[in-house]
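The values are calculated or read from the model by the stated rules, or taken from the named source; none is laboratory data. Note that the structure is a prediction, hence the values are computed from the model and not measured. All Cβ positions, glycine included, derive from the backbone under ideal geometry; neighbour counts span all protein chains shown.
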Amino acid sequence: MVRTRSRTGAAVGALAALALALTGLFTGGAAPADAAPRAVPAHAVTGYWQNFDNGAQVQKLADVQDAYDIVAVAFADATGTPGQVTFNLDSAGLGGYTVDQFKADIKAKQAAGKSVIISVGGEKGAVAVDSAASASAFADSVYGLMQEYGFDGVDIDLENGFNSTYMSQALKSLASKAGSGFVLTMAPQTIDMQSPSNEYFKTALAVKDILTVVNMQYYNSGSMLGCDGKVYSQGTVDFLTGLACIQLENGLAPSQVGIGVPASSRAAGGGYVAPEVVNDALDCLAKGTGCGSFKPSKTYPGIRGAMAWSTNWDATAGNAWSSSVGAHVHGM
């Protein structure tokens, strides 16, 4: 499947942990050692920040729109050691952005109540976690990046093979190292979440106790089956609601389900929908209003929110996506 997240593609206040758990806002595990845990909002917007220039507006992390509650830094890089990742800031491509500025911007975002995480994968992110050794290397290296840069957690956006046994092992180990405040997100392709027997879906269920949100990519997909067994085409409200229903009815909590879409028509090869369609889909799932031909048999008022690829493409399009969807999600 052609994707748009590659580096060259054209087209994602301190509270004690006990208090967070009691309010139902704490969704799992870890902040950097020198930071107090932050709660991800009950209804949250995730955005991918591009650590490369592919024609979208170049941003420093400080430029990321305030509507984004979780900022996923795209992407970590594989090393020669199986499972191990590192991060290389594209200072030249980002107009001389320095590592010190980047780290300071992470802290500023966190001071504003945002979570900043490192994303692993993308179209060309060949990171293999398929053995005990690679699982350990993954957990150790991601934790090292969290310590070095101050990331709050990790996003799993792997698109080139997936082993649920060892990825689950790696994520549980990482969460244990990271402690309270850990943010874990996932961005599987639609085919990966058609059934709970799929490796990606199995992983999400296996780490449900530490999982913040799954923002499936409802784009670059083609047609897929909805939870009612009918075929729905990408780019429609039915595609968003019918496929989200599969996750909602097969083990994930509503708070662990988000809708991932392109921020503009230029951000993906297919599947773009107007921000208003995303808002309609969220209302359909949360309240039973705004639906298309598919209407879920029940509502899910706790649905987490939405994700955009990317904050850069959003900025390129005048911030239309974050202005509309951000306001809608935060008003749910």
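Listed by first and then second residue, the pairs linking a residue in the stretch 229-245 that is of a type in the set (Gly, Ala, Ser) to a residue that is surrounded by 21 or more Cβ atoms within 10 Å (Cβ to Cβ) and part of a helix (DSSP H, G or I), with Cβ atoms under 8 Å apart and 6 or more places separating them unless they lie on different chains, are SER233/PHE239; ALA244/ALA281; ALA244/LEU285. The set of residues in the stretch 273-328 being of a type in the set (Lys, Arg) and in a helix (DSSP H, G or I) consists of LYS287 alone. Among the residues of the stretch 216-238, are any within 30 Å of ASP140 (Cα to Cα) and at pLDDT 95 or above? Yes - at least one qualifying residue is present in the stretch 216-238.
Residues checked against (1) in contact with a strand residue (DSSP E or B) (Cβ under 6 Å, 6 or more places away or on another chain); (2) within 23 Å of ASN250 (Cβ to Cβ); (3) of a type outside the set (Gly, Ala, Ser):
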position: ALA133; (1), (2), (3): no, no, no
position: ASN160; (1), (2), (3): no, no, yes
position: TYR200; (1), (2), (3): no, yes, yes
position: LEU205; (1), (2), (3): no, yes, yes
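Residue under question is TYR272, and the condition is that it be of a type in the set (Phe, Trp, Tyr), under 21 Å from VAL40 (Cα atoms) and at pLDDT 95 or above; does it hold? So TYR272 fails the test. Would you confirm whether any residue within the stretch 37-53 is modelled with pLDDT under 95, in contact with a Phe, Trp or Tyr (Cβ under 8 Å, 6 or more places away or on another chain) and of a type in the set (A, V, I, L, M)? Yes, the conditions are met somewhere in the stretch 37-53.
Does any residue of the stretch 283-302 turn out to be of a type in the set (A, V, I, L, M) and over 24 Å from SER119 (Cα atoms)? So far as the stretch 283-302 goes, yes, one or more of its residues are of a type in the set (A, V, I, L, M) and over 24 Å from SER119 (Cα atoms).
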